Structure formats: C-alpha cells, structure tokens
1. Counting other Cβ atoms within 10 Å, which trypsin sites (Lys or Arg not before Pro) in segment 56-100 have at most 10 and lie in a DSSP loop?
2. When the solvent-accessible surface of protein heavy atoms is calculated with a 1.4 angstrom probe, in what order do THR22, THR43 fall, highest first?
3. Between the DSSP loop rule and a limit of at most 10 other Cβ atoms within 10 Å, which chymotrypsin sites (Phe, Trp or Tyr not before Pro) in the chain are left?
4. Order the peptides 45-56, 75-86 from the highest to the lowest mean number of other Cβ atoms within 10 Å of their residues.
5. Let me have the 222 nm mean residue ellipticity of the chain computed from DSSP H runs of 4+ only, each contributing -39500 (n - 2.57), with the sum over all residues rounded to the nearest 500.
6. Could you give the semi-axes, largest first, of the ellipsoid that matches the chain, computed as the square roots of 5 times the alpha carbon gyration tensor eigenvalues and rounded to whole Å?
7. Enumerate the calculated ³J(HN,Hα) couplings along segment 40-48 in order (Karplus 6.51 cos²θ - 1.76 cosθ + 1.60, θ = phi - 60°), each rounded to whole Hz, writing x wherever the residue is Gly or Pro.
8. Report, to the nearest whole %, how much of the accessible area of the chain belongs to carbon and sulfur atoms, 1.4 Å probe, protein only.
Amino acid sequence: MVEPVDIYSDSFQLNTGPYGSTLNFMLSPSTPPAPGKTPQSETLATIRMSLEHLKLMTFVLRRQIMIHEQQAGVNIQVPTQVLHSLGINPEDWDSLWKIL
C-alpha cells in the first residue's frame, strides 16, 4: 500500500484534455530570485484524474468552504491582485461564492 503524502503547496497548475486532467501542486522558492531571474517553483505532487472526478471535486470543495465560512462566521478573502494575476474578474469571483 502506498504511504499518504503530507505536503504544503502555495501554487498549482491545472491542465485538461479530452481524456482527463492533471493537477500539479508546487512550492515557491523560500528566497527571492537573483535580479533578472524568474523564480522556479518546485513540483511537489502531480495528481491525475478524470474530468468527471475533477468537476465533482470542485463542487465538493466549494460546498465545504462555504459550510466552513458559515459555521466559523468568517469570509475568506482573496486579494484582488491575486484574482487579476489569474485573469479572474472580481464580479465572476463574487458570483461563484454567492449563496444560492
């Protein structure tokens, strides 16, 4: 049996294709890069799954976060700068987290 992995990740990549998806979990370097150099994140884990699994997991993750926020009485904020860096329109972000 494979031993479970316990890691911390501060970045990710998602790739999808007609046959499935790949999630890469990465860790940014602990020190800033030298001037003119691009920081290289270290890939910690690659998880492959079907598109159906990915879509179901997305739903379950969203639901669990919304339950956590409601029970804890908090609203987890993501900085607008982060949304912009990912090409996410703040209005689209807000509509995703709106309670139906």
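1. Values: sites: ARG62, ARG63, LYS98; in loops: LYS98.
Here the sparse-neighbourhood loop sites are LYS98.
2. On the way: THR22 40, THR43 80 Å².
Sorted by accessible area, descending: THR43, THR22.
3. Details: sites: TYR8, PHE12, TYR19, PHE25, PHE59, TRP93, TRP97; in loops: TYR8, TYR19.
Within the chain, the qualifying chymotrypsin sites (Phe, Trp or Tyr not before Pro) (loop, at most 10 other Cβ atoms within 10 Å) are TYR8, TYR19.
4. On the way: 45-56: 12.8, 75-86: 9.8.
Packing proxy ranking, top to bottom: 45-56, 75-86.
5. Numbers: 3 runs with 36 residues, N = 100.
The helix-only estimate for the chain comes to -11000 deg cm²/dmol at 222 nm.
6. Details: eigenvalues 129, 93, 50 Å².
Its equivalent ellipsoid spans semi-axes of 25, 22, 16 Å.
7. My calculation for segment 40-48 gives 10, 6, 8, 6, 9, 7, 10, 10, 9 Hz in order.
8. Working: 5120 of 8710 Å².
The computed percentage sits at 59.
The values are calculated or read from the model by the stated rules, or taken from the named source; none is laboratory data. Keep in mind that what you see is a predicted model, and the values were worked out from it rather than measured. Every residue, glycine as well, gets a Cβ built from its backbone with ideal geometry; the counts of neighbours run over all protein chains shown. Each accessible area value is taken on the protein alone, full model and side chains, heavy atoms only, with ligands, DNA and RNA left out. Shrake-Rupley method; radii C 1.70, N 1.55, O 1.52, S 1.80 Å.
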